[in-house]
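These notes concern the structure reproduced below.
The values are calculated or read from the model by the stated rules, or taken from the named source; none is laboratory data. Bear in mind that the values here come from a model prediction, so they are computed numbers and not experimental data. So basically every Cβ, Gly included, is an ideal-geometry build from the backbone, and we count neighbours across all protein chains shown. Side chains are part of the model used for accessible areas, which takes the heavy atoms of the whole protein and leaves out ligands, DNA and RNA. Shrake-Rupley method; radii C 1.70, N 1.55, O 1.52, S 1.80 Å.
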Amino acid sequence: MTSIFRTLRSAFVISLLGVVANASNVRVLHDADFDHATSEGSWLIEFYAPWCSHCRDLESTWDALADELRGKVHVAKVDGTTERVLLGRFHVEGFPTIFHIQGAETRQFAGHRTLQKVSCVRSMWCTLNVEP
C-alpha cells in the first residue's frame, strides 16, 4: 500500500510540475510551426541554446516580458541547437539572438537585454536599437 501511495504522490508532483512548466506565456516554436505561428500579430523571438549561460540569465527577463506583453505581443523562443533550419534562415551566429517579427518585417534586437529595453516594442520600438 505504501508503494502505491508513493507512486500516486510522485505522479501528482510530476503533473503539478508540468502545469507550472506550461504556465509560462513564452511559446516554444519549431521549424515545422514557425511560419504558421508568426503569420499574424507581432512577435518577439529569442534564439537560444540550453547550454548558453547568457540565455539562462535572460530566461527570467524573457518570462517577465511575456507576462507584461501578454495579449499585445507574442513572446517565443527557438532552441537553436535543434531547430537548425530556422537558425540558418535567420543567420543566427550567437546566443541569445532576439528578433521582432511583424508581417513581412523582421528586425534584429541589438540593445541591452533588460526588461525595460526589450519591452519597448509595444511603443513602436521607442528607444530600442534595431537593425532592419
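For the reader, a short list of remarks on this structure follows.
- Subset of the range 60-76 that is out of contact with any helix residue (DSSP H, G or I) (no Cβ under 7 Å at 6 or more places or on another chain) and of a type outside the set (S, T, N, Q) - its residue that is nearest to Val28 (Cα to Cα): Ala76
- Filtered residue count, the range 61-83, keeping only those that are open to solvent by 80 Å² or more (accessible area, probe 1.4 Å) and under 21 Å from Arg107 (Cα atoms): 4
- Conditions (1) part of a loop (DSSP other than H, G, I, E, B); (2) at pLDDT 95 or above; number of the one not met by Ser24: (2)
Conditions (1) assigned to a helix (DSSP H, G or I); (2) open to solvent by less than 80 Å² (accessible area, probe 1.4 Å); (3) in contact (Cβ under 8 Å) with a residue 40 or more places away in the chain, marked per residue:
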site: Trp43; (1), (2), (3): no, yes, yes
site: Trp51; (1), (2), (3): no, no, no
site: His54; (1), (2), (3): yes, no, yes
site: Glu59; (1), (2), (3): yes, no, no
site: Val85; (1), (2), (3): yes, no, yes
site: Glu93; (1), (2), (3): no, no, no
